[in-house]
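Student: Can you keep this structure in mind? I'll have questions shortly.
Please treat every number below as a calculation from the coordinates, not as lab data. The structure presented is a predicted model; accordingly, all values stated were derived computationally and were not measured. For neighbour counting, all protein chains shown are included, and Cβ atoms are generated from backbone atoms with ideal geometry for every residue, glycine included.
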Amino acid sequence: MKKAISVLSGGLDCTVATSVYAKDYEIHAITFDYGQKSFKRELEASKEICEKMGFEHHVIDLPWLAQISNSSLNTDEDIPEINEDELDNLEKSKETADSVWVPARNMVFTSIATSFAESIGAEIIIVGWDAEEAATFPDNSKEFMNAFNELIGIGSPGNIRIEAPAIDLNKEEIVKLGLEFDAPMELSYSCYAGRQKHCGVCESCMRRKRAFKKLGIKDLTEYEK
């Protein structure tokens with residue numbers, strides 16, 4: 001069977017994206033530890049997803065990224081909270097994005113994933129990048145994906161490409177896609193805060209909550225608020 005690398009944080013987007021390819025590829029999922037507050041819960045979610053879906057799972061430690069990052073994901077700085085009616089306020093969302101930005105995170109992750117893909121002969125790298133996140137995170141955009149695919153084409157001897165099935169989708173559409181491909185969304189973990197239950201008030205939690213709410217679908221996620 002063809003092989004694929006999945007950059008799997010255990011979050012909603014990457015869980016759905018990986019599920020799209022689960023039947024056609026031998027999936028090798030990689031989860032990164034870059035000192036984020038949510039790593040323990042991300043690891044638990046990723047392991048459960050991989051066990052259920054039959055994926056191989058690998059953890060890659062990046063202590064140096066934790067050391068250079070000033071992100072609220074890595075430091076004692078509080079994770080920003082946001083109201084549902086502020087989610088479409090671009091200025092407010094950019095403030096939140098600036099707080100949680102980790103230096104060149106997706107550049108680093110995707111480069112390492114390319115190395116992994118070369119080493120095992122994988123054809124694709126699966127990522128959860130999407131249009132809703134791309135509004136404030138440029139390394140989630142279609143432009144970023146296309147540019148990185150060009151870079152891989154130039155710099156890698158392998159025939160490898162990035163696949164992001166949610167690249168044009170918002171969260172509601174991602175949930176719909178997850179239902180279509182029977183993605184284990186109930187096992188995914190999206191919270192920035194890293195608590196046992198989702199905090200329910202960080203931007204990642206709020207976008208997740210809103211998607212299920214708008215679709216009228218029961219959200220099995222446990223939230224503190």
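Student: In whole Å, largest first, what are the principal axis extents of the Cα atoms in the range 15-146?
Tutor: Each principal axis gives a Cα extent; for the range 15-146 these are 41, 29, 28 Å.
Student: Cα convex hull of the range 127-225: mean projected area in nm², to one decimal?
Tutor: Result: a mean projected hull area of 7.4 nm².
Student: Moving on to the next point. Would you work out the relative contact order for the range 98-225, in percent, from Cα pairs under 8 angstrom that are 6 or more residues apart?
Tutor: 19
Student: Multiplying the sequence separation of residue 195 and residue 218 by 0.36 nm and subtracting their Cα-Cα distance, what value in nm do you get?
Tutor: Gain on stretching residue 195 to residue 218: 6.1 nm.
Student: Next question. Taking a 20 Å limit on the Cα-Cα distance, which of the listed pairs 171/218; 171/213; 142/214; 23/142; 23/176; 3/52 fall beyond it?
Tutor: 142/214; 23/142
Student: Same structure, new question: Roughly how tilted is helix 203-215, in degrees to the nearest 10 and between 0 and 90, from the longest Cα axis of the chain?
Tutor: 90
Student: In the chain, what is the volume of the convex hull around the alpha carbon atoms, normalised per residue and reported in Å³?
Tutor: For the chain, the hull spanned by Cα atoms encloses 111 Å³ per residue.
Student: Given Cβ point charges of +1 (Lys, Arg) and -1 (Asp, Glu) and nothing else, what value in debye, to the nearest 20, does the dipole of the range 47-171 about its Cα centre take?
Tutor: It works out to roughly 620 debye.
Student: Tell me the mean residue ellipticity at 222 nm calculated for the chain from its helices only (DSSP H runs of n ≥ 4, each -39500 (n - 2.57), averaged over every residue, nearest 500).
Tutor: Mean residue ellipticity, 222 nm, calculated: -13000 deg cm²/dmol.
Student: Charges on Cβ only, +1 for Lys and Arg, -1 for Asp and Glu, centred on the Cα centroid of the range 49-192; of 166, 152, 104, which one is farthest towards the dipole's positive end?
Tutor: Among 166, 152, 104, the one farthest towards the positive end of the dipole of the range 49-192 is 152.
Student: Order the peptides 166-174, 153-161 from the highest to the lowest mean number of other Cβ atoms within 10 Å of their residues.
Tutor: Going by the mean number of other Cβ atoms within 10 Å, highest first, we get 166-174, 153-161.
Student: Compute the helix-to-body angle for 90-100: its Cα long axis versus the longest principal axis of the chain, expressed 0 to 90° and rounded to tens.
Tutor: Relative to the chain, helix 90-100 is tipped by roughly 70 degrees.
Student: To continue, here is another question. Could you state the angle between the C-alpha long axis of helix 39-53 and the longest principal axis of the C-alpha atoms of the chain, as a value from 0 to 90 degrees rounded to the nearest 10?
Tutor: 60
Student: Report, to two decimal places, the Cα Rg of the range 1-65 normalised by 2.2 N^0.38 Å (N = number of residues).
Tutor: 1.08
Student: So, in nm, how far is label residue 88 from label residue 118 when the simple model puts each one 7 Å beyond its Cα toward the Cβ?
Tutor: It is 4.5 nm.
Student: Report the label-to-label distance for residue 98 and residue 58 in nanometres (one decimal), using points 7 Å from each Cα along the Cα→Cβ vector.
Tutor: Placing both labels 7 Å along Cα→Cβ, they lie 3.7 nm apart.
Student: What does the convex hull of the Cα atoms of the range 150-207 come to per residue, in Å³, rounded to a whole number?
Tutor: 150
Student: Which value results for Rg/Rh of the range 68-137 when Rg is the Cα radius of gyration and Rh the Kirkwood radius based on the inverse mean 1/r?
Tutor: 1.08
Student: How much length would be gained if the chain were fully extended between residue 143 and residue 107, taking 0.36 nm per residue of separation minus their Cα-Cα distance, in nm to one decimal?
Tutor: Full extension of this stretch gives 11.7 nm more.
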